[in-house]
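A quick write-up on the structure given underneath.
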Amino acid sequence: MSKQEGKYNIKAVTTLLGIQAGTLRAWERRYKMIAPKRNESGHRLYTEEHISTLKWLIDKVNKGFTISQAVNLLENSLAPLHHNTEIGTRVEEADLSVELMDKLLQSLLNFDENQANERLNKAFSLYTVDKVVIEMLGELLVKIDDQIGEGNITAPQKQFAFSFLRSRIGMILHTLPGIGLLPKVVAVCGPEESYELGLLTFTVFLRIMGFEVIYIGACLVDDDFEIVLEKVKPRFLFLSCDSDGNAKKTLDLVETLSSKYKQLQIGLYGKAFSKTMNAQYDKHLLGQSKQQWEKWLKEKLGH
């Protein structure tokens, strides 16, 4: 929370930033990206830091991001924000990372593999593997998914982009040292699930954290899961599912495996699990952000 003194009321903020008061209140309530204090009369008072944060978010929304994407970028790339000078520096860094990913997407949509490799290599030269794969490419996948939903990306463009990213992220995963300081885990797509880019990204996170990761990917049938578990004997099993049509099959598998392997911790990853589900599966939900993944793992490891 900001230590600066609040001096702008909500009317001043909406006038200054050109945002509706109702929109601002909704953002605060839903995303909690700022927490203005209230005066004795109960009115919100905003600091200079709040103003800078809101300006940055509004700029991202005006550039085509959804507010949820902008807030996620803020949380992953900018927090904590303490001083305006620091905000300026971090905003410039965030803008550069966004620009790099926008250019990478354009290369992929143009089927230009050499240029795509150059732009991704530049990202790795400027940022850590953690930031590029988990944050920057994570945001890129969200943007691709949104554009597919809007009909702005053709099937061949989608196939080329996913093939390129699968290859590069997979290469990164297998070149990271397998330190194995933490328990052994298996990462695999759920039954009949073929999309694996999100799971690959999550698996890179696990490898960086120090887990001994056995990445299986897609195309396992029900009986194969038990063969893998019997052979590997992992502490954790992570199942990924993005397709709503495959969600029930994956949840059924969770029930089957949980009843047979009592000590196995099962985590669920993917868009299919972001919607409302039976509360009995809540303990398995990993969430969609790095912070949520870390929290889930700490709870399961007893830290």
The range 206-266: C-alpha gyration tensor shape, a/c 1.5 cut-off, then a/b vs b/c: oblate
Which pairs break 30 Å Cα to Cα here: Lys131/Lys231; Lys143/Lys233; Lys271/Lys300; Lys37/Lys300; Lys158/Lys248? Lys131/Lys231; Lys143/Lys233; Lys37/Lys300
Measuring from its Cα centre, the range 1-81 shows a charge dipole (+1 at each Lys and Arg Cβ, -1 at each Asp and Glu Cβ) which, in debye to the nearest 20, is 220 debye
Specify the angular offset, from 0 to 90 degrees and rounded to the nearest 10, of the alpha carbon long axis of helix 290-301 from the longest principal axis of the alpha carbons in the chain. 50 degrees
For the chain, with a Gaussian network of springs between Cα atoms less than 10 Å apart, report the residue from Glu212, Glu40, Glu255 with the top mean-square fluctuation. Glu40
How much net charge surrounds Val188 when only the other residues with a Cβ under 10 Å from the Cβ of Val188 are counted, with Lys and Arg +1 and Asp and Glu -1? -3
Considering only Leu220, Val129, Leu24, whose Cα is most displaced toward the positive end of the charge dipole of the chain, charges sitting on Cβ of Lys, Arg (+1) and Asp, Glu (-1)? Leu24
Report, to the nearest 10°, how far helix 244-260 tilts away from the longest principal axis of the Cα atoms in the chain, using its own Cα long axis and a range of 0 to 90°. 60 degrees
Classify the range 1-81 as rounded, prolate or oblate from the Cα gyration tensor: take a ≥ b ≥ c as the square roots of its eigenvalues, call it rounded if a/c is under 1.5, otherwise prolate when a/b beats b/c and oblate if not. prolate
Over all Cα pairs of the range 21-65, how is the pair count split among 10 Å bins, expressed in % and running from 0 up to the last occupied bin? 24, 56, 16, 3
Which residue fluctuates the most in the chain, going by a Gaussian network model with Cα springs under 10 Å, if the choices are Arg235, Arg166, Arg38? Arg38
Would you mind working out the magnitude of the charge dipole of the chain relative to its Cα centre, with +1 at each Lys and Arg C-beta and -1 at each Asp and Glu C-beta, to the nearest 20 Debye? 940 debye
Length released on extending from Leu264 to Glu150, taking residue separation times 0.36 nm less the Cα-Cα span: 37.1 nm
If the only charges are +1 at each Lys and Arg Cβ and -1 at each Asp and Glu Cβ, what is the size of the charge dipole of the range 176-301 around the Cα centre, to the nearest 20 debye? 580 debye
Relative contact order (%) - the chain, alpha-carbon pairs under 8 angstrom, separation at least six: 11 percent
Which entry in (1) 23; (2) 28; (3) 10 matches percent of Cα pairs over 35 Å apart derived from the coordinates of this structure? (2)
Of the residues Met209, Asn246, Gln280, the Cα lying farthest along the dipole of the range 176-301 towards its positive end, which is defined by charges on the beta carbon of Lys, Arg, Asp and Glu, belongs to Met209
Förster radius 30 Å - calculated FRET efficiency between His174 and Lys249 (Cβ-Cβ, nearest 0.05): 0.60
Projecting each Cα onto the charge dipole of the chain (Lys/Arg +1, Asp/Glu -1 at the beta carbon, about the Cα centre), which of Thr14, Leu140, Pro36 comes out farthest on the positive side? Pro36
Plugging the Cβ-Cβ distance of Glu192 and Arg38 into 1/(1 + (r/R0)^6) at R0 = 41 Å yields, to the nearest 0.05, a FRET efficiency of 0.20
Cα centroids of the range 113-139 and the range 173-217: how far apart, whole angstrom? 19 Å
Relative to the longest principal axis of the chain, what angle (0 to 90°, nearest 10) does the C-alpha long axis of helix 222-232 take? 90 degrees
Asp130 paired with Asn62, simple spin-label distance in nm, labels 7 Å along Cα-to-beta-carbon: 3.3 nm
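Read the figures in this text as sums done on the coordinates, not as results from a lab. On a predicted model such as this, the values are computed, not experimentally measured, just so you know. Neighbour counts are summed over all protein chains in view; Cβ atoms, including those assigned to glycine, are modelled from backbone coordinates with ideal geometry.
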